[in-house]
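Below is one structure, written out as structure tokens; comments come after it.
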Amino acid sequence: MKETIAHLIQWYQSTLDAGGYPLIALLMAVESTIFPIPSELIIPFAAQRAQAAGHLSVPGVVIAGALGSWVGATIMYWASRLAGRPLVVRYGAYFLVPEAKLRAAERWALRFGSFGVFVARLLPVVRHLIGIPMGIVKMDFKLYSVFTLVGSTLWCAVLAWVGVKAGQDASLMQGDLHSVTKWLAGAVAFLALIYYFLVHRYMRGDGPAKEL
């Protein structure tokens, strides 16, 4: 899986100018389903290219990313809503969503409620899972869409800002190892903190989730 994603990212970076906004939206839609393409590699690179080459605009990158995220999250929501929990539990493992991961997402959704849809768009792991429990409990789709769009737009804006700032670091663009390490270490530390305090603490455990 990791090798496949690596090849996909390389292809994306080489075809972004030709694919433009539709390509960004497509990959962000995939990222919001069960296939873990890192949005942290999609949006920052596109924003950096937009800032440097001018073929795209940074606001356009953010909008394309947010709309793509909504499409993917919508697919997850309706697939889970129409299938229901028994089918998701029975066949989810074939689509990279085993029952343990589903129970973890349900516990997280139970802890944060409908507002958790917004928060989920800002967090790793739970970002592409939150549509499953919300679809199963038949959360109001309009409300789900609003929270998804707002959270996705904010997340894409943050990633675009990171891409622009990274693109302004001359040593980073020239491949300076110390500068690259500094940016990566900061990003990993930040994601690790928010993952621990807002995801790991509420998703751990082996028991079944209570009723949402």
Return yes when Gly68 is in contact (Cβ under 8 Å) with a residue 40 or more places away in the chain, buried (at least 19 other Cβ atoms within 10 Å of the Cβ) and not in a loop (DSSP other than H, G, I, E, B) and no when it is not.
yes
Every residue from segment 39-84 that is charged (D, E, K, R) and in contact with a Leu (Cβ under 8 Å, 6 or more places away or on another chain):
Glu40, Arg49
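Going by the structure shown, is Arg85 more than 22 Å from Val126 (Cβ to Cβ) and of a type in the set (Lys, Arg)?
On the way: more than 22 Å from Val126 (Cβ to Cβ): no; of a type in the set (Lys, Arg): yes.
Considered against the rule, which asks whether it is more than 22 Å from Val126 (Cβ to Cβ) and of a type in the set (Lys, Arg), Arg85 comes out as no.
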What are the pairs, 6+ residues apart or on separate chains, where a residue within segment 15-41 that is within 21 Å of Leu102 (Cα to Cα) and assigned to a helix (DSSP H, G or I) has its Cβ under 6 Å from a residue that is modelled with pLDDT under 90 and among the small types (Gly, Ala, Ser)?
Glu31/Ser39
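Hey, among Ala53, Ala83, Ala47, Ala18, which residue is in contact with a Gly (Cβ under 9 Å, 6 or more places away or on another chain) and over 27 Å from Asp140 (Cα atoms)?
Details: Ala53 fails: in contact with a Gly (Cβ under 9 Å, 6 or more places away or on another chain); Ala83 fails: over 27 Å from Asp140 (Cα atoms); Ala18 fails: in contact with a Gly (Cβ under 9 Å, 6 or more places away or on another chain).
Answer to the check: Ala47.
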Extreme residue, modelled with the lowest pLDDT, among residues of segment 137-171 that are crowded, with 19+ Cβ neighbours inside 10 Å and more than 19 Å from the chain's Cα centre (by Cα)
Ala166
Check segment 18-35 and report whether any residue there is at pLDDT below 85 and under 13 Å from the mean Cα position of the chain (by Cα).
yes
Within the bounds of segment 52-59, is there any residue that is in a helix (DSSP H, G or I), farther than 26 Å from Ala93 by Cβ and of a type in the set (Gly, Ala, Ser)?
yes
Quick check on segment 75-114: of everything there that is buried (at least 16 other Cβ atoms within 10 Å of the Cβ) and basic (Lys, Arg), which residue is modelled with the highest pLDDT?
Arg81
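The values are calculated or read from the model by the stated rules, or taken from the named source; none is laboratory data. All values reported here derive from a predicted model rather than from experimental measurement. Cβ atoms come from the backbone with ideal geometry, glycine included; neighbour counts cover every protein chain shown.
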